[in-house]
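I have placed the structure first, in the form of structure tokens, so that the comments after it can refer back to it.
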Protein chains: 2
Amino acid sequence: MLPYPPSIRNAISHLSRLPGIGQKTAERLAMHLLHVPDRAVHELARSLVDLKKNTRMCSVCFTLSDTPVCAICGDPDRNASLLCVVEGPTEVMAIEKTAAFKGVYHVLHGVLSPMDGIGPDDIRIRELVDRVKKGIVKEIVLATDTRVEGEATAAYLVEVLKPFPVTVTRIASGMPAGGEVRYSDPVTLKNAMEKRYAL
Amino acid sequence: MLPYPPSIRNAISHLSRLPGIGQKTAERLAMHLLHVPDRAVHELARSLVDLKKNTRMCSVCFTLSDTPVCAICGDPDRNASLLCVVEGPTEVMAIEKTAAFKGVYHVLHGVLSPMDGIGPDDIRIRELVDRVKKGIVKEIVLATDTRVEGEATAAYLVEVLKPFPVTVTRIASGMPAGGEVRYSDPVTLKNAMEKRYAL
């Protein structure tokens, strides 16, 4: 057991349960907090409690939100006929940071993964179909990962969405920005070659 | 600005002010906290507030403590005649982890550093002298860093402690455990050579 007094040991113990925070980092953080103003520590603690208390799911797209309808779904400047399907809220944030997408989202909260027992009823596919049925959506961009589960989920959604008068698209596959051909894996290179475009 | 809702943005902002926690790590931590039970987040927040509220300085050795006198100073099995002088509470913990020292400590809360305007009156040297005057201490181990300020502080303390009937010692200099001679810096090697001992 560490020779710290109980309050310090307790804080270190809680901090070290966070992902990526080991024993040494937790000790360093605790020592840091002992040297910052009381107010700053209270604000940090409060922000963590509020994070849990105030964050819910958007009732339209199911991303994380402080409000019943998220800022994106509630923005009249967003194109509601262009719907991007993603695995989780983290993917929404990643795409938002690009500022390259002006449509709206649908968060599945997972991908199909028979190995983990996750089937179509375990992710928000029914809610996606319900949205499509309303007739506002014209194009659905499938932006699940380009890994096995993401590709399988995209393939499944193509089938599910076939009865509806919507265009279903998939995010492009190819070389990542800054990628080096010599170090690229064969699947990426194959995709990049097959999806080559005229300049 | 990040496209997160305010509560998440606020938590990320506070987390990213911690040392070694960048924007991406703060985002990852916030996402993690959204998925752990409410209770765990409350306990974490509470532990940080308690850390500040309950931690004070030991009135004897000035290390961090939950109680007026720390567990080390209050332990009758520790040798009160053997006093180890260190820069801060972190050094106390580092030495305690070795389980190789059974004496007590004196925490200076700093080292002499004229460049930073830190002189003898800015660290707890007067309190050290007061302890020595009580006549219980027989040996003082100077365990400040072997860097410029630590060495200067040790040299200064040797002078300050000269009038008293105590043995003043310094932690050994030499090769660190697992050290490689070929990669050791000249000062370390010189020390290791000069302080060589018979086998």
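Summary of computed values
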| read-out | value |
| --- | --- |
| From the options B:Ala80, B:Ala99, residue that is modelled with pLDDT under 90 and among the small types (Gly, Ala, Ser) | B:Ala99 |
| Residue match in segment A:95-115 (condition: touching a Leu at 6+ places or on another chain (Cβ under 6 Å), facing another protein chain (nearest Cβ under 8 Å) and assigned to a helix (DSSP H, G or I)) | no |
| Failed item, numbered, when B:Val60 is tested on (1) modelled with pLDDT of 95 or more; (2) under 15 Å from the mean Cα position of the chain (by Cα); (3) of a type outside the set (Gly, Ala, Ser) | (2) |
| Selection from segment B:67-94 of residues that are of a type in the set (Val, Ile, Thr), free of Cβ contacts under 8 Å to residues at least 24 places away in the same chain and either facing another protein chain (nearest Cβ under 10 Å) or farther than 18 Å from B:Thr55 by Cβ (or both) | B:Thr67, B:Thr90 |
| Scan of segment B:8-30 for residues that are at the interface with chain A (Cβ under 7 Å from one of its Cβ atoms), out of contact with any strand residue (DSSP E or B) (no Cβ under 9 Å at 6 or more places or on another chain) and either part of a helix (DSSP H, G or I) or closer than 22 Å to A:His109 by Cβ (or both), ordered by number | B:Asn10, B:Ala11, B:His14, B:Thr25, B:Arg28, B:Leu29, B:Ala30 |
| Segment A:42-66, residues that are more than 7 Å from chain B (Cβ to nearest Cβ) and outside any helix (DSSP H, G or I) | A:Arg56, A:Met57, A:Cys58, A:Ser59, A:Val60, A:Cys61, A:Phe62, A:Thr63 |
| Total residues in segment A:67-87, condition surrounded by fewer than 18 Cβ atoms within 10 Å (Cβ to Cβ) and either part of a loop (DSSP other than H, G, I, E, B) or in contact with a Pro (Cβ under 8 Å, 6 or more places away or on another chain) (or both) | 9 |
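The values are calculated or read from the model by the stated rules, or taken from the named source; none is laboratory data. From a predicted model like this one, the values you see are computed outputs, not experimental measurements. With ideal geometry, Cβ positions are generated from the backbone for all residues, glycine too; neighbour counts draw on all protein chains shown.
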